[in-house]
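A.B. asks: This is the structure, below, for whatever I ask next.
Every number in this text was worked out from the coordinates using simple rules, so none of it is lab data. Values in this document were obtained by computation on a predicted structure and should not be read as measured data. Note that we place each Cβ from the backbone using ideal geometry, even for glycine, and neighbour counts take in every protein chain shown.
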Amino acid sequence: MPETASTTRAPDALLPSLAPLLHEWLPRQRWFAGKGRRVIGFTLDAATELLPLDGAGPGLLHLLVRVEQPGRPAGTPADCYQLLLGVRTQLPPRLAPALIGRIRQGPLAGRAVYEGLRDPRLAGLLYERLRSPGRTGPLRFHATTALPPALAPRVLDAEQSNSSLVYGDSYILKIFRRVSPGANPDLELPLALSRAGCARVPAPVAWFESGASTLGVLQPYLRDSRDGWRLALDALADGREFVTEARALGRATAEVHLALADALPTRRLRRSETEHLAAAMDRRLHAAAQAVPALLPYVPGLRAVFAAAGEAPGAGALQRIHGDLHLGQTLRGSDGGWAVIDFEGEPAKPLDERRSPQPTVRDVAGMLRSFDYAARTHRPWNADWAARCRAAYCTGYAEAAGADPRADPALLRAYETDKAVYEVVYEARHRPDWLPVPMSAIERLAAST
């Protein structure tokens, strides 16, 4: 992204006038990654008027803003966030919940500023802009197909790290809130899979970017689908098996991995790299045990899991993978077919890491943990249900891939353990009542060596 790019008037005065409002509003947004650390300042990377701010109707201001917070490692840039702000003289009552505040000084003094995506008129404008490839200031818009006009927008409230809009039940637009230089995997990988003819992933039909950063991706909205997490919970509640669905999901995962290996570079996994992976897992365990003392009794057994993976001979391949695969990242259509979505990876991790080739068993481990999580939400806990789903998923994967992920048990167990350690820290911080779920896996995995 350029240091400063603007197609709005008085950009030097714009950010200081918005800063008091952003100081209060940004930390309250669920997609803001800097919670728990105070905001000490802002830097403007780009400001673009997608709809003029001095017209009779609402204006739409697109901002790329860096948020300064203490504790940032030396030499690393501050996090950059994408904001789409509506600007009106008077805010209609229906938009009152979207209000950020009124500006007291500067070029927009007296105007109401609000979350622009909550305004159907402004959300519709963004879609119309995607229908017309080209540039607006530093923003570049692309489309792979002709899109129908005038689709009514609505905001999806389920997102955590991004924002999503659905247009007419036909398309879904994901707006990346925290952006980094480089192609976002949620655009890069579905595009590659589409070109490779993989039908398991909805193909991007439009996107927009600034500099080297992906800002948003438009894909078909699979309106008749249900996510795998909800389907698994329904099966548990009804006392039904889920092995047929799990086996089919394993095949779908393998098909995505095979297509990614065909479409993008791969290479062999070296022994030195398994040692590096295991050492990184061990470091994360050490940090987690300091944060969550309940882990301490299990540290010796968990370290043994990682050591076994580090001592395994280099085998298999490194390739692009999903990076954050679980039941909630899958959709099952009315025809029974599975689709895989949300290829962004773990948003908290650096973009370079999310785009790096990795062992496919990392995705498999994520899904195995997800079956365990689903089973643990049901009372009484059905351990056998989870075990049957896990086995069926691996069997389906082997049927499509020609190789069983269980054939590399040390690395698979290490990735599953690493995931469980992450879950312990997350639940301890955000949902303490859920902590027994990953702790039960920690107990099992620590005793497995």
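A.B. asks: Give me the three principal axis extents of region 226-446 from the C-alpha atoms, as integers in angstrom, largest value leading.
C.D. replies: That works out to 44, 43, 30 Å along the principal axes.
A.B. asks: Under the √(5λ) rule applied to the eigenvalues of the Cα gyration tensor, what semi-axes describe the equivalent ellipsoid of region 379-449? Give them in Å, descending. Don't skip to the end; give the middle numbers.
C.D. replies: Details: eigenvalues 126, 45, 25 Å².
Working from the Cα gyration tensor, I get semi-axes of 25, 15, 11 Å.
A.B. asks: For the chain, give the magnitude of the charge dipole about the Cα centre (Cβ charges: +1 Lys/Arg, -1 Asp/Glu; no others), in debye to the nearest 20.
C.D. replies: Working: 55 positive and 48 negative charges, 145 e Å.
Here the size comes out at about 700 debye.
A.B. asks: Could you calculate the FRET efficiency of Arg102 with Arg135 from 1/(1 + (r/R0)^6), where r is the beta carbon distance between them and R0 is 41 Å, rounded to 0.05? Present the calculation step by step, with values, prior to reporting the outcome.
C.D. replies: Details: r = 32 Å, r/R0 = 0.78.
Efficiency, from the Cβ-Cβ distance: 0.80.
A.B. asks: Next up: May I ask you to sort Ser180, Ser170 by Cβ crowding, counting other Cβ atoms within 10 Å and putting the fewest first?
C.D. replies: On the way: Ser180 18, Ser170 14.
Placing the least packed residue first, the sequence is Ser170, Ser180.
A.B. asks: Something else now. As an exercise, use a Förster radius of 35 Å and the Cβ-Cβ distance of Thr244 and Leu296 to find the FRET efficiency, rounded to the nearest 0.05. Could you put the intermediate results ahead of the total?
C.D. replies: Values: r = 41 Å, r/R0 = 1.17.
With R0 = 35 Å, the Cβ-Cβ based efficiency is 0.30.
A.B. asks: If you don't mind, another one. Taking the dipole about the Cα centre of region 226-446, with the C-beta of Lys and Arg at +1 and of Asp and Glu at -1, give me whichever of Ala386, Ala365, Ala307 is farthest to the positive side.
C.D. replies: Most positive-ward Cα: Ala307.
A.B. asks: Just from its helices, what would the mean residue ellipticity at 222 nm be for the chain, if runs of 4 or more DSSP H residues each count -39500 (n - 2.57) and the sum is divided by every residue, rounded to the nearest 500 deg cm²/dmol?
C.D. replies: -13000 deg cm²/dmol
A.B. asks: On to the next question. So I have (1) 155; (2) 135; (3) 126, and one of them is volume of the Cα convex hull per residue in Å³ calculated from this model. Which one is it?
C.D. replies: Given (1) 155; (2) 135; (3) 126, the calculated one carries the label (1).
A.B. asks: What ranking, highest mean first, results for peptides 247-254, 193-200 when packing means the other Cβ atoms within 10 Å averaged over each residue? Spell out each step's value before the answer.
C.D. replies: On the way: 247-254: 23.4, 193-200: 16.8.
Highest-to-lowest ranking by the protection proxy: 247-254, 193-200.
A.B. asks: Starting with the highest mean, order 260-270, 354-364, 72-82 by the number of other Cβ atoms within 10 Å, averaged over the residues of each peptide.
C.D. replies: Details: 260-270: 15.1, 354-364: 22.3, 72-82: 13.5.
Ranking the peptides 260-270, 354-364, 72-82 by packing returns 354-364, 260-270, 72-82.
A.B. asks: While we're looking at this one, here's another question. Can you put Asp433, Asp45, Asp324 in order of Cβ neighbours within 10 angstrom, beginning with the fewest?
C.D. replies: Details: Asp433 7, Asp45 24, Asp324 20.
The fewest-first ordering by Cβ neighbours comes to Asp433, Asp324, Asp45.
A.B. asks: Output the antiparallel fraction of DSSP beta bridges having both residues in the chain, as a percent to the nearest 5. If you can, show how the numbers build up before the last one.
C.D. replies: Numbers: 63 of 67 bridges.
Roughly 95 percent of the DSSP beta bridges within the chain come out antiparallel.
A.B. asks: I would also like to ask the following. Test of the criteria: in region 11-117, which trypsin sites (Lys or Arg not before Pro) are in a DSSP loop and have at most 16 other Cβ atoms within 10 angstrom of their Cβ? Could you put the intermediate results ahead of the total?
C.D. replies: Values: sites: Arg28, Arg30, Lys35, Arg37, Arg38, Arg66, Arg88, Arg94, Arg102, Arg104, Arg111; in loops: Arg30, Lys35, Arg37, Arg38, Arg104, Arg111.
Here the trypsin sites (Lys or Arg not before Pro) that fit, given the DSSP loop and packing criteria, are Arg30, Lys35, Arg37, Arg38, Arg104.
A.B. asks: OK, next. Want the number for Ala387 to Ser448: 0.36 nm per residue separation, take away the alpha-carbon distance, what's left? Numbers along the way, then the final one.
C.D. replies: Numbers: separation 61, 0.36 × 61 = 21.96 nm, distance 1.50 nm.
The span from Ala387 to Ser448 would gain 20.5 nm if fully extended.
A.B. asks: Could you calculate the contour length gain from Ala287 to Asp262, that is, 0.36 nm times the residue separation minus the distance between their Cα atoms, to one decimal place in nm?
C.D. replies: On the way: separation 25, 0.36 × 25 = 9.00 nm, distance 3.71 nm.
So the chain would gain 5.3 nm between Ala287 and Asp262.
A.B. asks: To continue, here is another question. Of Asp186, Asp384, how do they rank once you tally other Cβ atoms within 10 Å and put the fewest first? Numbers along the way, then the final one.
C.D. replies: Numbers: Asp186 25, Asp384 9.
In increasing order of surrounding Cβ atoms, one gets Asp384, Asp186.
A.B. asks: Give me the dipole magnitude in Debye, nearest 20, for region 1-138 about the Cα centre, with unit charges on the beta carbon: positive for Lys and Arg, negative for Asp and Glu. Walk me through the numbers before you get to the answer.
C.D. replies: Details: 18 positive and 11 negative charges, 88 e Å.
Approximately 420 debye in magnitude.
A.B. asks: Hey, another quick one. Report, ordered by chain and residue number, the lysines lying within cross-link reach of Lys174, taken as a straight Cα distance under 21 Å and ignoring same-chain residues fewer than 8 apart.
C.D. replies: Qualifying lysines at Cα under 21 Å: Lys349.
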